[in-house]
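In what follows, a single structure is set out as structure tokens and then discussed.
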Amino acid sequence: MMLDGQVALVTGGSRGIGRAVCLRLAGMGAKVGINYVSNPTAAEETLAAVEAAGGSGFLVPFNVADAGAVQEAVKGVLDEHSFIDILVNNAGITRDGLMARMKEADWDQVIDTNLKGTFLCSKAVMRPMMKKRRGRIINITSVIGFLGNAGQVNYGAAKAGIVGLTKSMARELAPRNVTVNAVAPGYIVTDMTSELSDDIQAAIRAQIPLGSLGQPEDVAGVVAFLAGDDAAYMTGQTLHVNGGMYMGN
Ligand code: NDP
């Protein structure tokens, strides 16, 4: 299989899009490190699903926003598995609210988890990748980073920031044959969107040319493409997976 012998670390791999990515990469032969921060039961379910499908994985609990915890966890993975071929920066949260009422803590938490977490995890894995002159870093951004959304200044800023981070990282790492790309999902059916009311979900569907919310597997397939051989000559790109909701670039 295409990713046989490779190790992938998927942040926020325990639920939603991250879980689908773990299953997909494991199905391609990679050994997947399933990261989570607070919910071991979901992570164990993901590991069980990976193994039930004939794949192999391991759990790596840490908070992506905590520099010390990230370094320690990545060192542990490298000690145990010798290399991380693929990093998927997927962990993310929302703390929505109109800006006039948004608490500074809600701004900080979203920026720290979604944007700084991507920086910290990438920084922790990049040195061995650069040394070995191989590696794939795939960052999960969002359609909101491109369209904006009332009530999500923190999330929109973090996700737009990930696009800029991806392009600059791609330029820094290209000479070492490490590629850095982003995937921008639209609205995908996960715990994150299940909080939205039926009315809001109907209003969202009305803005999606393909007429429905996406599934985690729709995103996982594009992540798998970026992790595989066919994407070897792509770096600094953002691939949009949104049912046509946003068609720009
Ligand atoms: P979910 O809420 O379903 O899952 C979030 C995952 O991130 C969980 O595994 C959670 O772990 C983990 N996580 C949260 N905070 C941290 C942290 N500080 N450190 C480590 N892990 C953490 O999210 P989705 O699957 O919906 O979203 C995944 C990514 O896709 C996010 O970056 C999100 O912004 C992005 N996205 C999602 C869209 C959607 O419509 N769902 C649309 C566009 C982008 P635990 O279980 O322990 O809490």
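The values are calculated or read from the model by the stated rules, or taken from the named source; none is laboratory data. Here the structure is a predicted model, which is why all the values come from computation and not from measurement. Because the Cβ atoms are built from the backbone with ideal geometry, glycine has one as well, and the counts that use them run over all protein chains shown. Note: accessible area is taken over every heavy atom of the protein model, side chains too, but ligands, DNA and RNA are not part of it. Shrake-Rupley method; radii C 1.70, N 1.55, O 1.52, S 1.80 Å.
At a glance:
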{"quantity": "Per-residue HN-Hα couplings for the range 77-93 [Karplus 6.51, -1.76, 1.60; θ = phi - 60°; Hz; x = Gly/Pro]", "calculated": "5, 5, 4, 7, 10, 6, 7, 10, 7, 9, 10, 10, 7, 10, 4, x, 9"}
{"quantity": "Degrees between helix 16-27 axis and first principal axis of the chain (Cα, 0 to 90, nearest 10)", "calculated": "30 degrees"}
{"quantity": "Interatomic Cα distance distribution for the range 182-236, bins of 10 angstrom, percent", "calculated": "21, 42, 24, 11, 1"}
{"quantity": "Distance from the range 13-59 to the range 88-150 (C-alpha centre basis), Å", "calculated": "20 Å"}
{"quantity": "Shape parameters for the range 23-76, alpha-carbon atoms, Rg then Dmax in Å", "calculated": "11.8, 34"}
{"quantity": "Residue of SER14, SER122, SER38 that the Gaussian network model of the chain assigns the largest fluctuation, springs spanning Cα pairs under 10 Å", "calculated": "SER38"}
{"quantity": "For the range 79-169, average projected area of the Cα convex hull in nm²", "calculated": "6.4 nm²"}
{"quantity": "Mean accessible surface per residue for the chain, computed with a 1.4 Å probe while every protein chain stays in place, in Å²", "calculated": "47 Å²"}
{"quantity": "Distance in nm between pseudo-label sites at ALA174 and LEU59 (7 Å out along the Cβ direction from Cα)", "calculated": "4.1 nm"}
{"quantity": "Positive-end residue of SER82, PRO61, ALA150, charge dipole of the chain with Cβ unit charges", "calculated": "SER82"}
{"quantity": "Angstrom value of the Kirkwood radius, inverse mean 1/r, which spans all Cα pairs in the chain", "calculated": "18.0 Å"}
{"quantity": "Cβ crowding within 10 Å averaged over residues, with 89-98, 39-48 ranked highest first", "calculated": "89-98, 39-48"}
{"quantity": "Chain lengthening between GLN201 and MET99 when straightened (0.36 nm per residue, less Cα-Cα)", "calculated": "34.5 nm"}
{"quantity": "Charge-dipole axis of the chain as Lys and Arg at +1 and Asp and Glu at -1 on Cβ define it, positive-most pick from GLN6, LEU173, TYR36", "calculated": "LEU173"}
{"quantity": "Assigned charges on the beta-carbon of Lys, Arg, Asp, Glu; the range 141-249 dipole about Cα centre (debye)", "calculated": "480 debye"}
{"quantity": "Accessible surface of the chain [probe 1.4 Å, protein heavy atoms]: carbon and sulfur percent", "calculated": "51 percent"}
{"quantity": "Descending semi-axes in whole angstrom, ellipsoid equivalent of the range 1-94, from the Cα gyration tensor", "calculated": "19, 16, 11"}
{"quantity": "Residues whose placed amide H lies under 5 Å from that of THR238, excluding near-sequence neighbours", "calculated": "ALA182"}
{"quantity": "Sum of -39500 (n - 2.57) over DSSP H runs of 4+, divided by residues of the chain (222 nm, nearest 500)", "calculated": "-14000 deg cm²/dmol"}
{"quantity": "The chain - charge dipole about Cα centre, Lys and Arg +1 at Cβ, Asp and Glu -1, debye rounded to 20", "calculated": "940 debye"}
